[in-house]
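Accompanying notes for the structure given below.
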Amino acid sequence: MLFPTTSFFFFFLCVFVGFWYVFRRSLDRRIFLIAASYVFYAFWDWRFCFLLLASTAANYGFGLLVGGNRDHVWRKTFMILSVVFNVLVLGFFKYYTIFAETSNGLLALHTSASFRLPVIYILLPVGISYFTFKCMSYVFDVYLCKMPTVRSFLDVMLYVSFFPQIASGPIVQASEFIPQIDKAVSSGIDPYEKPIEFDRATLLILSGLIKKMVFANFISTLLVDPVFSDLASAGPLAALFAALGYAVVIYCDFSGYSDMAIGIALLLGFDTPANFNRPYVSFSVTEFWKRWHITFSSWLKNYLYFSMGGSRFGTIRTLFALFFTMAIGGLWHGASVPFLVWGAMQGAALAIERAFGYGNTRSPRLPVAIAQTAGSFLFVVVSWLVFRARSLAEIGLFFRAVFPFLPGTQSAVDTSSSTASTSFIFSPVVLILVFIGLAMHAVPGSVRGHLSQAYRLLPLPVKGVCIALVLALISVVSMSGVAPFIYFSF
């Protein structure tokens with residue numbers, strides 16, 4: 001069940017009415033939200049609800065063991081066991097098949113033994129990376145004394161399975177979410193209380209719908225997919241424009257999902273940290289990761305980078321920690337060489353910037369600052385090409401399309417078909433959407449704040465008309481059907 005669908009609208013309408021107007025006790029609301037979250041997850045595959053429950057129960061137990069021991073050795077032992085358990089669960093579903101195939105290939109080359117690992121083609125549970133990271137966050141936060149042990153199993157279940165966040169984040173840390181539960185499930189009992197920020201939630205949901213249904217879907221369908229599906233026939237301009245378009249697509253797709261997830265959670269009384277903050281105006285890769293998928297980068301920083309020593313043990317150790325944190329972050333997305341290369345690119349860039357003291361200071365001179373931002377954006381665009389590629393050969397195809405004059409490349413493009421496809425790719429609609437998709441990063445946060453405040457001051461009937469007009473416009477201009485969100489595959 002995807003957010004921008006009729007089925008989700010009716011599902012959430014039932015959840016909203018049930019949560020605020022049917023169930024009036026905090027315990028009932030906890031149970032109701034958990035049940036709704038499991039129903040939401042069951043729409044993809046009901047069998048994986050048992051995996052979600054088992055993973056939650058195991059980490060709840062680890063949390064009790066970690067929090068219930070004062071002896072540091074035992075606390076650390078149980079924490080490590082929880083890490084091993086979660087890595088094995090995640091590794092089995094995401095990496096076992098490719099591990100078995102690779103291992104069997106190596107065994108066949110180097111030994112005559114008949115032993116081979118069984119190759120099992122496993123269906124990947126939706127959101128397994130996200131709910132596994134949330135499970136680990138709970139145990140880590142108890143171990144690091146960021147929060148006390150949670151005695152209520154229902155609270156841990158709600159944190160792990162909360163439906164706005166389970167499929168594709170944001171990855172809210174346990175110490176941020178669980179303390180909100182009591183307040184959220186007890187709010188609104190007084191009829192004169194205003195427990196939710198309805199205006200803010202509405203603007204976030206509408207923003208997410210526009211990003212996904214208009215920008216991401218149109219640019220992907222009209223530009224990115226046609227070019228990347230036939231790179232051998234693409235000209236340099238088309239390939240470069242498609243790379244630029246994909247940078248807009250992945251931002252609008254993922255930040256659009258995050259906006260909707262934050263808005264939906266807000267309608268249920270839960271405040272979620274921002275996940276994006278105009279990432280393409282970053283002047284360095286270091287700043288980019290403070291603005292892109294903020295909850296993911298915070299998770300890596302708080303639980304992985306710091307566990308490797310962070311910046312506490314000298315420059316070499318810091319550079320090592322930066323590189324391997326991002327390399328592991330790349331593999332978290334999937335067991336493929338492009339993901340590993342993408343993570344290594346990010347880690348190397350962060351390490352180089354740290355080594356030269358570059359990543360935290362924007363030049364006060366405007367021309368230099370513009371050059372910094374352009375250079376960082378160019379790096380990000382190239383890294384997205386690696387991220388999107390299914391193999392290194394596909395990356396090679398892109399660069400041969402961009403640089404056809406290089407030795408070993410040749411252009412075999414049919415002139416007539418190339419001209420027709422180019423005119424289609426460079427249509428005014430696509431050009432405008434890509435331009436606006438990039439230009440939205442240049443709008444300062446203060447301007448957005450003023451526009452949001454102006455909307456809040458409108459009379460309620462006017463707000464209703466505005467919402468209806470935006471939804472009608474999206475319905476008219478959007479394509480039939482809704483493509484899955486890019487990050488659902490992780």
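Before we move on, is R24 assigned by TED's automatic domain parsing to the domain that holds F162, outside any helix (DSSP H, G or I) and over 29 Å from M479 (Cβ atoms)?
Spelling it out, R24 is indeed assigned by TED's automatic domain parsing to the domain that holds F162, outside any helix (DSSP H, G or I) and over 29 Å from M479 (Cβ atoms).
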Point to revise | Enumeration of residues in region 58-71 that are out of contact with any helix residue (DSSP H, G or I) (no Cβ under 6 Å at 6 or more places or on another chain) and either loosely packed, with under 14 Cβ neighbours inside 10 Å or not in a helix (DSSP H, G or I) (or both) | key: G68, R70, D71
Practice item. Return the only residue of S175, S152 being surrounded by 15 or more Cβ atoms within 10 Å (Cβ to Cβ), among the hydroxyl-bearing types (S, T, Y), out of contact with any His (no Cβ under 8 Å at 6 or more places or on another chain) and farther than 26 Å from G256 by Cβ. Key: S175
Practice item. Residue by residue through region 221-246, note down the ones that are assigned to a helix (DSSP H, G or I) and without any contact (Cβ under 8 Å) to a residue 12 or more places away in the chain. Key: D225
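What do you reckon, is L266 part of a helix (DSSP H, G or I) and under 27 Å from G188 (Cβ atoms)?
In short, yes.
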Point to revise | Number of positions in region 438-453 that are touching a residue at least 40 places away in the same chain (Cβ under 8 Å) and over 23 Å from V381 (Cβ atoms) | key: 2
Review point. Does any residue in region 122-147 that is outside the structural domain of T272 (by TED's automatic domain parsing) come within less than 6 Å, Cβ to Cβ, of a residue that is surrounded by fewer than 17 Cβ atoms within 10 Å (Cβ to Cβ) and assigned to a loop (DSSP other than H, G, I, E, B) six or more places away or on a different chain, and which pairs are these?
Key: V142/T149
**Study point:** Single condition S391 does not satisfy, out of (1) hydroxyl-bearing (S, T, Y); (2) at pLDDT 85 or above; (3) touching a Phe, Trp or Tyr at 6+ places or on another chain (Cβ under 8 Å)
**Key:** (3)
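Could you check region 112-178 for helices (runs of 4 or more DSSP H) lying wholly inside it with 1 or more residues that are within 21 Å of Y96 (Cβ to Cβ) and not basic (K, R)?
128-143
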**Study point:** Any helices (runs of 4 or more DSSP H) falling wholly within region 284-333 and containing at least 1 residues that are more than 20 Å from the chain's Cα centre (by Cα) and basic (K, R)
**Key:** 315-333
Practice item. Give the number of residues within region 307-322 that are surrounded by fewer than 20 Cβ atoms within 10 Å (Cβ to Cβ), within 18 Å of A344 (Cα to Cα) and among the hydrophobic types (A, V, I, L, M, F, W, C). Key: 4
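Per-residue answers, yes or no, for (1) surrounded by 14 or more Cβ atoms within 10 Å (Cβ to Cβ); (2) at pLDDT below 90; (3) assigned to a helix (DSSP H, G or I); (4) not charged (D, E, K, R):
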| position | (1), (2), (3), (4) |
| --- | --- |
| F377 | yes, no, yes, yes |
| V380 | yes, no, yes, yes |
| S383 | yes, no, yes, yes |
| V386 | yes, no, yes, yes |
| I395 | yes, no, yes, yes |
| F398 | yes, no, yes, yes |
| P407 | no, yes, no, yes |
| Q410 | no, yes, no, yes |
| V413 | yes, yes, no, yes |
Point to revise | Any pair with Cβ under 6 angstrom, 6 or more apart, that starts in region 331-350 at a residue that is in contact (Cβ under 8 Å) with a residue 40 or more places away in the chain and closer than 18 Å to G127 by Cα and ends at one that is of a type in the set (V, I, T) and part of a helix (DSSP H, G or I) | key: A335/I98
Exercise for review: Taking the residues in region 19-41 that are at pLDDT 95 or above and among the small types (G, A, S) as candidates, determine which candidate is nearest to K212 (Cα to Cα).
Suggested key: S37
**Study point:** Conditions (1) under 30 Å from D182 (Cα atoms); (2) of a type in the set (F, W, Y); (3) touching a helix residue (DSSP H, G or I) at 6+ places or on another chain (Cβ under 6 Å); (4) in a helix (DSSP H, G or I); number of the one not met by F218
**Key:** (1)
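The values are calculated or read from the model by the stated rules, or taken from the named source; none is laboratory data. Just so we're clear, the structure is a prediction, and the values are computed from it rather than from any experiment. Positions of Cβ are generated from backbone atoms using ideal geometry, with glycine treated the same way; all protein chains shown enter the neighbour counts.
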